[in-house]
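The values are calculated or read from the model by the stated rules, or taken from the named source; none is laboratory data. Here the structure is a predicted model, which is why all the values come from computation and not from measurement. Quick reminder, even Gly has a Cβ in these numbers, built from the backbone with ideal geometry, and neighbours come from all protein chains shown.
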Amino acid sequence: MPSRLLWIYLLISIPVTVWGQQVRFTTSIDAKQVIVGSTFSIEFKVENSDANNFSPPNFGPFKVISGPSQSYQSTYINGIGTRSVGFSYTLQATRAGKFTISGASVKIKGKEMKSNSVNIEVLREQDVVQSERTPQIFIRAEIDSNQVYIGQQLMIRYKIYTQVNIENYNILTESNYAGCFAQALDTYKEPVVKEVINGREYSTKVLRKVAVFPQQGGKIEIDPMVVQVGIPSRSSVRRGLLSSFGLERKNINSNGLSLIVQSAYDDAPEDFTGAVGNFTAGFSVRPNQATTDDAISVIIRIQGNGDVKTIRNPELNLPREFEIFEPKTKEEKMINATDSVRGEKIIEYLIIGHQPGTYQIKPSFTYFDPQKGIYQTIVDSFPVSIQQGTGVLSTTADNTLRQETEGIQPIEQSTKLHRVRKPLYLRPWYLTGYVVPILAFLFLSWRTKNQKEKVEEFDPHAVAKDRLQTAREHMLQGASRAFYEEIALSLKQFIAFKLNLQASELSRQRITESLLANKVETALEMEVRQLIEKCDLALYAGYSDPSKIESTYQEAVQLITKLNEVL
């Protein structure tokens, strides 16, 4: 019987990979504007399903240079897997104008599905104004608006524009977000997009996205970001080498930004909580039937794109027959989404009705909508019936108020207690003197052995080899982006496990400092840095030739083996 329970426990403890269920069929292109004669890529991607009978659209005035090429990709995040198949073409613009490329069609589970259409503008070379002043590489800090409210989310995108190949880049100096709460978002999946600036065609990519929430009114200055890029030097091209030793390092400054921050408190209603953004709110009141002895739980769940950490607890306007206790924040978190930060806050109030009757409990939440420039109030109403109690606070209510448990428990009926003589093994002196020390000794012995077994069972090198095997599968499938993501992740996770680093500490600078602090030779540390830079390059450029992918895989295998020997 114990062994059966152990097997059941092990089975339910094993993480299960769940495949995403939402089927999507999308179209994307790597250009907003191109010049006549230029080429661009278009991809039709099916996610979380097999695709049959793929049919491309009519590309109209665009000439098909190559395609369709088929690619496969699988990703796993927090136990949730996503798989996709893509069909891509390289097209050439043959005449000027603004064009719409229709979606493609596939059959998914017997039903025809069509992807979205995309727009592109083609410019004639003689129509664009050439500017000798425009540099080959520059970085822009871009915002949607420089006029915001205190607490309103503003997204800053640092976008690089380049006409030359960039081998790698490194952020040297982060912008100063004084007077703001700032949270960076992931940019690994940001695509490379072609744009025409002052008559010149550039490849662009968002290097960094930062959500900022101003915390004070007035004018806020955001300093430029400084980025160092590595450009292949002419000497390295002549030698046929492309390594960090043959790179020209150049520091590039973005532009600075000025924000004009207004207060949302002018003419605010009394129940305004300080929430600024687009929000939703949900309410619950349980139980809806109680006695004068019972505690009732009122929960408010707030979700939105504002800074939930600065939101004050909404006041409950209750009938005077009710007593309210200090509210408790059960949950408060900020979550990174694709292009914004989402927040959630859950607040619980405990109330007790002291007079029998039927009442309406009306929780509400008021926030300021900066897009509309108005205050919005979300309110709901819940009927609650109160019956006369015994005049003694129920066991459940008493425990809830004292311990602040997560929810309201079922109301227990009072029972009469009778004193009984305890047997020897239940008497306090016996438990204290004999049973407790024995149980404590057994527990400590079991825990020590269990922890030792867990440590022995966990092998970071084995985990890294599994990830490298996954990377090899991506390589064989031609999924270069997924390959480089897996290579970078296997190396960084291995170093994190070995050096006890948190995920937030896995910057290139932090990894370098940690390796050198652990007496790793400079040459080996440089190999690590170069491999991470190579992965960043591939992810930035969006493609890589097969020979470089194979050599990168072998390099990663050898490097992790070396690190395993010295760490």
Of the conditions (1) at pLDDT 90 or above; (2) closer than 29 Å to residue 343 by Cβ, residue 289 satisfies every one except a single condition; which number is it? (2)
When you go through (1) surrounded by fewer than 17 Cβ atoms within 10 Å (Cβ to Cβ); (2) in contact with a Leu (Cβ under 6 Å, 6 or more places away or on another chain); (3) at pLDDT 90 or above one by one for residue 356, which number turns out not to apply? (2)
From 515, 537, which residue is modelled with pLDDT under 85, in a helix (DSSP H, G or I) and of a type outside the set (S, T, N, Q)? 537
Hits in the stretch 48-87 (condition: at pLDDT 75 or above and under 19 Å from the mean Cα position of the chain (by Cα)): 83
Scanning for something surrounded by 17 or more Cβ atoms within 10 Å (Cβ to Cβ), out of contact with any strand residue (DSSP E or B) (no Cβ under 7 Å at 6 or more places or on another chain) and at pLDDT below 90, does the stretch 372-393 turn up at least one residue? yes
Residues that are at pLDDT 75 or above, out of contact with any Gly (no Cβ under 8 Å at 6 or more places or on another chain) and either outside the structural domain of residue 194 (by TED's automatic domain parsing) or more than 27 Å from residue 92 (Cβ to Cβ) (or both): does the stretch 14-22 have at least one? yes
When you scan the stretch 318-331, do you find a residue that is in contact with a Lys or Arg (Cβ under 9 Å, 6 or more places away or on another chain), in a loop (DSSP other than H, G, I, E, B) and crowded, with 16+ Cβ neighbours inside 10 Å, even just one? yes
Within the stretch 166-186, residues being buried (at least 16 other Cβ atoms within 10 Å of the Cβ), farther than 16 Å from residue 205 by Cα and out of contact with any Phe, Trp or Tyr (no Cβ under 9 Å at 6 or more places or on another chain) number 2
Extreme residue, nearest to residue 254 (Cα to Cα), among residues of the stretch 166-198 that are in contact with a helix residue (DSSP H, G or I) (Cβ under 8 Å, 6 or more places away or on another chain) and outside any strand (DSSP E or B): 166
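Kindly indicate whether any position in the stretch 311-322 is in contact (Cβ under 8 Å) with a residue 12 or more places away in the chain and within 30 Å of residue 159 (Cα to Cα).
Looking through the stretch 311-322, none of the residues is in contact (Cβ under 8 Å) with a residue 12 or more places away in the chain and within 30 Å of residue 159 (Cα to Cα).
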I need the full set of residues from the stretch 266-283 which are loosely packed, with under 14 Cβ neighbours inside 10 Å and touching a residue at least 12 places away in the same chain (Cβ under 8 Å), in order please. 269, 280
Take residue 471 and decide whether it is modelled with pLDDT under 85 and part of a helix (DSSP H, G or I). no
Has the stretch 161-173 got at least one residue that is in the same structural domain as residue 231 (by TED's automatic domain parsing), closer than 30 Å to residue 311 by Cα and not β-branched (Val, Ile, Thr)? no
Test result for residue 49, of a type in the set (Ser, Thr, Tyr) and part of a strand (DSSP E or B): no
